[in-house]
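> Attaching a single structure in structure tokens format; questions to follow.
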Amino acid sequence: EPEVTQTPSHQVTQMGQEVILRCVPISNHLYFYWYRQILGQKVEFLVSFYNNEISEKSEIFDDQFSVERPDGSNFTLKIRSTKLEDSAMYFCASRGTGTGFSGGYTFGSGTRLTVV
Amino acid sequence: AQSVTQLDSHVSVSEGTPVLLRCNYSSSYSPSLFWYVQHPNKGLQLLLKYTSAATLVKGINGFEAEFKKSETSFHLTKPSAHMSDAAEYFCVVTTTGFQKLVFGTGTRLLVSP
């Protein structure tokens, strides 16, 4: 079964440093997403990406965040200057087209980001 | 705006007894609804989805959910709990447009021997 692959699984970074979280979506999917889950809290939407541009973003997704699809396979989330409150599990997801949600979302296993 | 409310933060059952995890939704449109499960230190796994077809939806691992428009509910059930069912369960609704997922706060299912 096709998978969404996220790397690394765990990253520790110092406050103020830049981090790039990487995702390889399912190859024929067209919609890409980042979500995050702060420890003990619910999963929150960050951004959606379609046709090489951001289609929607949440209020969390401020100027410190950016996304990119640098080639045909990777989808990255960059945090320019990390803050302690950016510590969370970050999930990448992709979705294909099709009737309604017959394809559904597929989530990666997440990257746990710890900012110290 | 779409939203979901999971009515219980924790549910405790004994192995072999039925499971009921409750979810109410709010949506201006005909919603698509999902249940996801998250085992400790794992990612999000789709259990089942409702997309305006049959109101009783069967998922993996013996779980099912029934969409009740009159009650705006989408409760998750399983006839007999297994120890491996212990996890966090999220009720999720979609939005229009590019159809981001809106998650509930989660219900932690505890299964005792």
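> Over 24 Å between C-alpha atoms is what I'm after, so list which of B:42/B:78; B:69/B:100; A:57/B:69; A:57/B:68; A:78/B:100; A:57/A:78 land there. Spell out each step's value before the answer.
Details: B:42/B:78 22 Å; B:69/B:100 21 Å; A:57/B:69 29 Å; A:57/B:68 31 Å; A:78/B:100 20 Å; A:57/A:78 14 Å.
Check vs 24 Å cut-off fails for A:57/B:69; A:57/B:68.
> Can you send over the carbon and sulfur percentage of the accessible area for chain A, probe radius 1.4 Å, protein chains only?
The value for chain A is 44 percent carbon and sulfur by accessible area.
> Using the Cα centre of the stretch B:3-112 as origin and beta-carbon charges of +1 (Lys, Arg) and -1 (Asp, Glu), tell me which of B:74, B:63, B:95 is placed farthest towards the positive end of the dipole.
It is B:95, whose Cα lies furthest towards the positive end.
> Run the numbers on the stretch A:5-96 and let me know its relative contact order in percent, using alpha-carbon pairs under 8 Å that are six or more apart.
Numbers: 178 pairs, mean separation 36.4, N = 92.
Rounded, it is 40 percent for the stretch A:5-96.
> So how exposed is residue B:84, as accessible area in Å² (1.4 Å probe, rounded to 10)?
Around 70 Å² of this residue is reachable by solvent.
> Name the long-range amide H neighbours of residue A:87: under 5 Å, sequence gap of 5 or more, or other chain; modelled H, no Pro or chain starts.
Close amide H contacts, sequence-distant or interchain: A:115.
> For the B and A pair, go ahead and give the buried accessible area with a 1.4 Å probe, both sides summed, in Å² to 100.
For chain B against chain A, roughly 1700 Å² becomes buried.
> In the stretch A:47-81, which GluC sites (Glu not before Pro) are in a loop and have at most 16 other Cβ atoms within 10 Å, using DSSP for the loop call?
A:59
> Counting only other chains, and only Cβ atoms inside 10 Å, what mean value do you get across the residues of A:35-48?
What the average comes to for A:35-48 is 4.
> For all pairs of alpha-carbon atoms in the stretch A:5-96, what percent lies in each bin of width 10 Å, listed from the first bin to the last filled one?
Each 10 Å bin holds this share of Cα pairs: 16, 53, 28, 3.
> Further question: Compute the distance in nm between two label points, each set 7 Å from the Cα along the Cα-to-Cβ direction, one at residue A:58 and one at residue B:10.
About 2.5 nm, to one decimal.
> Provide the net charge surrounding residue B:32, with neighbours chosen by a C-beta distance below 14 Å and charges set as Lys +1, Arg +1, Asp -1, Glu -1.
+4
> Which of the trypsin sites (Lys or Arg not before Pro) across the stretch B:47-97 are loop residues per DSSP, with 14 or fewer other Cβ within 10 Å? Mind dumping the intermediate values first?
Numbers: sites: B:49, B:58, B:68, B:69; in loops: B:69.
Here the trypsin sites (Lys or Arg not before Pro) that fit, given the DSSP loop and packing criteria, are B:69.
> Assuming 1.306 mPa s and 10 °C, estimate D for chain B with Stokes-Einstein, Rh taken as the Kirkwood radius over Cα pairs, in µm²/s.
The estimated diffusion coefficient comes to 113 µm²/s.
> If I take every Cα pair under 8 Å that is 6 or more residues apart in chain B, average their sequence separation and divide by the length, what percent do I get for the relative contact order?
Once normalised by length, the contact order is 37 percent.
> Would you work out what percent of the accessible area of chain B, with all protein chains in place, is carbon or sulfur (probe 1.4 Å)?
51 percent
> How charged is the neighbourhood of residue A:90? Take every other residue with its Cβ under 12 Å from the Cβ of residue A:90, and add Lys/Arg as +1 and Asp/Glu as -1.
Surrounding charge for residue A:90 is +2.
> Got a number for the accessible area of residue A:89? Probe 1.4 Å, square angstrom, nearest 10.
10 Å²
> Pairs of Cα atoms under 8 Å, at least six residues apart: use those to get the relative contact order of the stretch A:1-45, whole percent.
In percent, rounded to a whole number, it is 32.
The values are calculated or read from the model by the stated rules, or taken from the named source; none is laboratory data. Every value quoted in this text rests on a predicted model; they were computed, and no experiment measured them. Using ideal geometry, Cβ is built from the backbone for each residue, glycine included, and neighbour counts are taken over all protein chains shown. The accessibility values were calculated without ligands, DNA or RNA, using every heavy atom of the protein model including side chains. Shrake-Rupley method; radii C 1.70, N 1.55, O 1.52, S 1.80 Å.
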